[in-house]
Every structure is written in structure tokens, then in C-alpha cells.
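Reading through the C-alpha cells given below for one structure.
The values are calculated or read from the model by the stated rules, or taken from the named source; none is laboratory data. Every value quoted in this text rests on a predicted model; they were computed, and no experiment measured them. Positions of Cβ are generated from backbone atoms using ideal geometry, with glycine treated the same way; all protein chains shown enter the neighbour counts. Side chains are part of the model used for accessible areas, which takes the heavy atoms of the whole protein and leaves out ligands, DNA and RNA. Shrake-Rupley method; radii C 1.70, N 1.55, O 1.52, S 1.80 Å.
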Amino acid sequence: MTETSRYTALTGSGFGAELGNVDLARLDEALANEAVDAFHDAGGLVVIRNQGHIGPAHLRRFVTRFGTPEGNEKYDPAFLVPAFPDILRIGNAKENGKYTALFIQADPPPLLWHMDDSFRHPQPIGSCLFCVRTPPEGGETAFAGMTAAFEDLPDDVKARIESIRTVHSYNHLNELLRKKNPHRPPLNKAQLAQFPPIVRPLVARHPETGRRSLYLPLCHIESVEGLEKAEGEALLSDLQTHATGEDYTYMHRWRPGDLVVWDNRCTLHAPTPFDDTRYERLMYRLTFSGRQISGF
Ligand SMILES: [Fe+2]
């Protein structure tokens, strides 16, 4: 970062950066490059506030600097922003009694730390959330920086884990969610065939920065190769406890006009619930594709 940097670190470890004094309606090359550089320098999390005046086109143009926006074919077209099919509305907004957004209420703590869709390849490399409306309390989003968390591990732990591989599975996640919500259906045959378990490194190398991170969406990981179930679970649980400690985590309390971009290759995130009987929450979400992680 230069002396003229507009960025503020969001955590003690340096994970996460807030960019101040920015107008994304006037995005130019210099600002776009600065934002992407800060995103990578800060371990894959950028926060920009006070953008309530921008429209979907500005949002989309900015996100395109981080990756290629993905389509939303699997969602109800009524949840997409008109004329911007890559922007999905998320929240409990309704019109004439019908949801106009995809609403998934978060569970109460413990936080469900995850990286989006790590069980599919190619994985979406990142996402952006833009806040349109938010409740006065609840509905926050927590983030954890896996690069700083890995780099701070003792050398003997790094050496022990750097060649370990884990099995990620959509079915494992779905069954975990079904324990809390028995009305959630099991995956059907087509879904099981579309998302077979896949092997991932526990320590991932980032394709842009070359830095290594814990690749640890615990709720997606059904087993650790070469370890007994209990031993594998204990290892991952210990690592997650370390990696979601205070130095590496940031809780974003939303205000309208906030925009957050994160990198699924080196950060975890988790939603918190809100009282949807009293409050309305509405966010725009873009998910983007790009270069994938590799092992060490
Ligand atoms: Fe997510």
C-alpha cells in the first residue's frame, strides 16, 4: 500500500480492506486497479460504503474487474434484477405477497463458515453483495481470512498439513442442513450425479497472488484423506477454531449502499439471522468465475 492509499485494514492480521472516498459511478482504470490490488493484498476482502447512488450497471461493471459474472439460470427469474440476469436479489422482499428475492434465513450461531460451492469445479471464485435495505439488527455477514490464518500457523503444523487432501461434498452439506431443518429434502439422483464428491487440497495456492491459504469450508468437508474420521474431524475443527479467531475475522454490519467483494479461494464467510417478521432485508448479489486454486 502507498502513502496515498485510501484503504483501512479491517482486522489485526491485515485481512480485509475498507476503501474510503470512492464513487463507483465514476469508476476509472486507476480506481479499478487500486481496488483489485487491495483485494488481493488484503487476502480477498474489500468493503466500500456509501454507494447508495449507483445502479446495477455500475455494480456489474465494477465486479467484472474481479472475474466473469456467472449466470443465475438455477434461480426463479422473478428474483433477478430486470435487464441484469447476473444480478440476483437476496432477502425477504415481497410484492403482492410473493417473494421478489431468494430468501434463505440463516441459522442462529454457531456461524456456518463456508466458501461458496467448494464442492463443484470450477468453483465460483468470488461474490459481491450490495445492500439495498437492511434491518437495524441481525443480518450481518462474517468474514474470515484464510491466508493470514495459514501464514500465522507454526511451521510444524504447516508442514504437517500442506499435503493433506480433503473430500468436499454437496450431499454432506445438505445432510448437515437437514439435521437443523428436517423439511429440507435430501438431494435427488440428478443432484447427486451433478455434484459428486471432489478432492481438494487443505492448503490451497492462490492463482493470482501465489500465497497459500487454509481451504477450510468445514461444513462441505466429509472426510480427510488418509486419516480416521475422528482424527480428521479433530484436525479440521482445531484449524477452524484458529482460523476464525479474532485476528482473522471481520463482522460486516450492513448499511444501505454498502458493497462487499470477497474471494472464495482464500476467505470464509457466514450469515447471521434477522427477524424477518419485523424487518426487510434486500441485497443484490453477483457471483463470478475465474482462475482456480491449486495444491501446494
Ligand atoms: Fe455463501
Which one of these does residue 88 not meet: (1) more than 29 Å from residue 14 (Cα to Cα); (2) at pLDDT below 95; (3) within 14 Å of the ligand (Cβ to nearest atom)?
(2)
Within region 113-141, of all residues that are within 10 Å of the ligand (Cβ to nearest atom) and assigned to a loop (DSSP other than H, G, I, E, B), the one surrounded by the most Cβ atoms within 10 Å (Cβ to Cβ) is 115
Just need a number here: residues in region 245-274 that are of a type in the set (Ser, Thr, Tyr) and away from the ligand (no atom under 15 Å from the Cβ).
3
How about region 199-223: which of its residues are among the β-branched types (Val, Ile, Thr) and open to solvent by 40 Å² or more (accessible area, probe 1.4 Å)?
199, 209
In this structure, is residue 277 within 16 Å of the ligand (Cβ to nearest atom) and among the hydroxyl-bearing types (Ser, Thr, Tyr)?
no
Among residues belonging to region 63-85 that are away from the ligand (no atom under 16 Å from the Cβ) and of a type in the set (D, E, K, R), point out the one that is nearest to residue 195 (Cα to Cα).
73
In region 1-49, the residues that are touching a residue at least 60 places away in the same chain (Cβ under 8 Å) and surrounded by fewer than 16 Cβ atoms within 10 Å (Cβ to Cβ)
12
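Mind listing whichever residues of region 73-93 are free of Cβ contacts under 8 Å to residues at least 24 places away in the same chain, surrounded by fewer than 17 Cβ atoms within 10 Å (Cβ to Cβ) and within 21 Å of residue 271 (Cβ to Cβ)?
74
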First in region 148-169 and more than 17 Å from residue 265 (Cβ to Cβ), second anywhere and basic (Lys, Arg) and surrounded by 16 or more Cβ atoms within 10 Å (Cβ to Cβ), Cβ under 9 Å, 6 or more apart:
158/212; 167/200
Here, helices (runs of 4 or more DSSP H) confined to region 146-187 with at least 3 residues that are open to solvent by 60 Å² or more (accessible area, probe 1.4 Å) and out of contact with any Cys (no Cβ under 7 Å at 6 or more places or on another chain) are 155-161, 170-180
Go through 69, 56 for me and flag whichever is under 17 Å from residue 264 (Cα atoms) and surrounded by fewer than 21 Cβ atoms within 10 Å (Cβ to Cβ).
69
